Amino acid sequence: MEEAVLLNQTTVVTYFRLRGLSINQNVQMVAFAMFLVFYVLTLIGNILIVITIIYDHHLHTPMYFFLTNLSCIDVCHPTVTVPKMLMDTWSEEKLISFDACVTQMFFLHLFACTEIFLLTVMAYDRYVAICKPLQYMTVMNWKVCVLLAVALWTGGTIHSVALTSLTIKLPYCDPDEIDNFFCDVPQVVKLACTDTRIIEILIVSNSGLISVVCFVVLVVSYAVILVSLRQQISEGRRKALSTCAAHLTVVTLFLGHCIFIYSRPSTSLPEDKVVSVFFTAVTPLLNPIIYTLRNEDMKNALSKLMGRVEERGKK
């Protein structure tokens with residue numbers, strides 16, 4: 001009897017409603033302008049990095065191979081959420097279909113988890129380059145780099161499939177409103193018409209554990225690097241510290257969000273949307289800024305590329 005009552009109360013959800021950043025129209029207009037500018041600059045910056053690395057053969061090294069992967073992710077990651085958010089600014093209902101929501105969650109976690117693994121691999125690359133410079137090209141040869149790239153993309157795919165499959169199997173009914181401007185697993189799971197405590201534990205065990213473990217590995221890696229730098233000459237130390245500081249900035253901003261969101265039960269906090277803005281729009285924009293403005297090799301390569309473009313334009 002109870003099962004029949006529950007079945008009658010449960011409706012088939014085909015759409016979710018996104019609450020967005022704010023119900024205030026003025027705030028929405030400011031958010032629209034901010035996200036649009038950030039998104040365009042993110043696309044231009046990261047695509048320019050990829051083109052520059054491909055163009056300049058001096059940048060065909062393991063470090064820039066992984067940086068190319070990072071730039072590709074930072075083009076794809078905001079594309080999963082920002083265009084939809086921009087369109088919803090002009091819509092009163094802000095609807096997203098169930099299939100589109102699942103797709104958004106899948107690619108959001110695919111690119112996010114892959115970036116976490118990539119940042120960890122990049123830390124290992126810097127560790128080998130700074131602490132074992134004579135063995136660097138032997139340890140980080142191209143075969144190893146390609147295998148690491150395949151492994152981190154495969155790991156991100158497995159993680160995303162696991163989380164998305166948990167979400168699809170749940171029954172959903174009213175309420176159907178997601179308290180954010182995109183679909184994410186914790187917010188969607190809260191709308192399920194069943195006890196989700198086990199699912200929430202699995203989410204924390206999966207996403208939260210990955211974020212915390214990778215963060216600890218990264219901190220330990222940089223601690224070892226800093227100890228090693230004490231034995232190097234001042235110029236080499238300055239350049240290495242600059243690279244590591246840039247990398248650590250990206251790591252802290254990105255993993256800070258993941259730890260904050262996925263290392264606790266699926267409860268909404270006022271800070272969630274602010275953190276989500278940094279996660280989806282700000283961090284992908286900071287990557288090209290940090291890795292170009294603080295990197296002499298990239299700045300020189302960009303200058304040569306711009307010079308070549310100007311010459312062709314004059315012709």
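The values are calculated or read from the model by the stated rules, or taken from the named source; none is laboratory data. Just so it is clear, the structure is predicted and the values come from calculations on it, not from any experiment. Every residue, glycine as well, gets a Cβ built from its backbone with ideal geometry; the counts of neighbours run over all protein chains shown. Just the protein is used for accessible areas: all its heavy atoms, side chains included, with ligands, DNA and RNA removed. Shrake-Rupley method; radii C 1.70, N 1.55, O 1.52, S 1.80 Å.
The table below gives the values:
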item: Residue-normalised accessible area of region 87-238, given per residue in Å² at a 1.4 Å probe; result: 50 Å²
item: Leading residue at positive end of dipole, the chain (Cβ point charges), from Cys193, Ile290, Cys101; result: Ile290
item: Dipole axis of the chain (+1 Lys, Arg; -1 Asp, Glu on Cβ), positive-most option in Pro83, Ala33, Leu218; result: Leu218
item: Packing-based order for 206-212, 135-141, using average beta carbon neighbours within 10 Å, highest first; result: 206-212, 135-141
item: Cysteines having no other Cys beta carbon under 4.7 Å from their own, within the chain; result: Cys72, Cys76, Cys113, Cys131, Cys145, Cys214, Cys244, Cys258
item: Size of electric dipole in region 15-291: Cβ of Lys, Arg +1 and of Asp, Glu -1, about Cα centre, debye, nearest 20; result: 1000 debye
item: Mean-position separation - Cα centroids, region 67-103 and region 19-55, in angstrom; result: 11 Å
item: Fraction of accessible area attributable to carbon and sulfur, the chain (%, probe 1.4 Å); result: 68 percent
item: Selection from Ile53, Cys72, Tyr124 lying farthest towards where the dipole of region 41-135 points positive, charges on Cβ; result: Tyr124
item: Listed peptides 281-288, 14-21 by packing density, highest first (mean Cβ within 10 Å); result: 281-288, 14-21
item: Contact order normalised by residue count of region 15-291, Cα under 8 Å, 6+ apart, percent; result: 28 percent
item: Relative packing of peptides 53-59, 245-251 - highest average C-beta neighbours within 10 Å first; result: 245-251, 53-59
item: Given Lys143/Lys304; Lys143/Lys273; Lys84/Lys304, the pairs whose alpha carbons are separated by over 31 Å; result: Lys143/Lys273; Lys84/Lys304
item: Cα-centred dipole magnitude for region 76-178, charges only on beta-carbon of K, R (+1) and D, E (-1), debye, nearest 20; result: 820 debye
item: Between helix 25-55 and the chain: long-axis angle, C-alpha atoms, 0 to 90°, nearest 10; result: 40 degrees
item: Within the chain, helix-based [θ] at 222 nm, where runs of 4 or more DSSP H residues each add -39,500 (n - 2.57), nearest 500; result: -24500 deg cm²/dmol
item: Angle between the chain longest axis and helix 98-131 axis [Cα atoms, degrees, rounded to 10]; result: 30 degrees
